[in-house]
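Visitor: Have a look at this one before I ask anything.
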Amino acid sequence: PKEWFDYCWNKFGWEDVCSIKVLSSDLHIRKPDVKLYETALILAGITGKEAVYIEDRADRTEGAIVTGMQILIYKNLEQLKSDIIKLM
């Protein structure tokens, strides 16, 4: 829910890491609808090839794949850190 997202956004200081946020609940669509990912790219002013989508469920990546985003499937924090470092 939006309230939980906002709580985490504020508590963990995600605004220091992320310049935009796009919530499916705000757009009234659900993952993996490509419109969600396209909206995020437009707001960020980048193309899919410049973006990385992190998800914990492979069945929610279709829309991100269509836009050309790189996909990281999150299994645990150590694996995610390693995958992010590989992209740098």
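The values are calculated or read from the model by the stated rules, or taken from the named source; none is laboratory data. Everything numeric here is computed off the predicted structure, so don't read it as measured data. For neighbour counting, all protein chains shown are included, and Cβ atoms are generated from backbone atoms with ideal geometry for every residue, glycine included. When the accessible area is computed, the model is the full protein with side chains, heavy atoms only, and any ligands, DNA or RNA have been set aside. Shrake-Rupley method; radii C 1.70, N 1.55, O 1.52, S 1.80 Å.
Visitor: Can you compute the charge dipole magnitude of the chain about its Cα centre, using +1 on each Lys and Arg Cβ and -1 on each Asp and Glu Cβ, nothing else charged? Give it in debye, rounded to the nearest 20.
Guide: Here the size comes out at about 120 debye.
Visitor: Sticking with this one: Given DSSP loops and a limit of at most 16 other Cβ atoms within 10 Å, what is the longest stretch of the chain that contains no such chymotrypsin sites (Phe, Trp or Tyr not before Pro)? Display every interim value, and only then the final one.
Guide: Numbers: sites that count: PHE12, TYR74.
Segment 13-73 is the longest.
Visitor: Which whole-number percent is the relative contact order of the chain (Cα, under 8 Å, 6+ apart)? Present the calculation step by step, with values, prior to reporting the outcome.
Guide: Values: 92 pairs, mean separation 18.7, N = 88.
Normalised by residue count, the contact order of the chain is 21 percent.
Visitor: Further, regarding this structure: If you count only protein heavy atoms with a 1.4 Å probe, what accessible area per residue comes out for the chain, rounded to a whole Å²? Each step should come with its number before you reach the end.
Guide: Working: 6460 Å² over 88 residues.
Heavy-atom accessible area per residue stands at 73 Å².
Visitor: Multiply the residue separation of LYS81 and ARG30 by 0.36 nm, subtract the distance between their alpha-carbon atoms, and state the gained length in nm to one decimal.
Guide: Fully extending the segment from LYS81 to ARG30 adds 15.7 nm.
Visitor: Follow-up. State the number of lysine pairs found in the chain whose Cα atoms come within less than 23 Å, restricting to pairs 8 or more positions apart or on distinct chains.
Guide: 19
Visitor: Can I ask one more? Under the classification rounded if a/c is under 1.5, otherwise prolate if a/b is larger than b/c and oblate if not, where does the chain fall, given a ≥ b ≥ c as square roots of the Cα gyration tensor eigenvalues?
Guide: rounded
Visitor: Of all the accessible heavy-atom surface of the chain, with the other protein chains kept in place and a 1.4 Å probe, what percent is carbon and sulfur?
Guide: 58 percent
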